[in-house]
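I am attaching a structure below and will ask some questions about it afterwards.
Each reported figure results from applying straightforward, stated rules to the coordinates on display, with no laboratory input. Keep in mind that what you see is a predicted model, and the values were worked out from it rather than measured.
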Amino acid sequence: MAAASTAPAPHSAGFDFTNHDRNALLTGKGFPVPKATSTGTTINCEKIHYIAPHIYCCGAGTAADTEFMTQLTSSNVQLHELHTGRKSRVVT
């Protein structure tokens, strides 16, 4: 129970710098700073995805999610065009 009473209250929004002082103290005591590592993998995939004529999606983030969502959106737009008999519209 004592550990729960000493835990800092969670922040509701914004950045949380509560570990900054702790990290400075640990570094001052001689603990090594963790090094960032890379997995060595680079995802090679398309960044601009076709949705429909005059409609494209620029992807960023998890490649599999972007691929799936753009394919699903493209399929839904095509179904909408077939159902309505009209081409998809672009409003800017």
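What full-extension length gain, to one decimal in nm, is calculated for Phe17 and Val77 as 0.36 nm per residue of separation minus the Cα-Cα distance?
17.2 nm
Mind listing the long-range amide H neighbours of His49? Cut-off is under 5 Å, sequence gap 5 or more, other chains count too, H placed in the peptide plane at 1.01 Å from N.
Cys57, Cys58, Gly59
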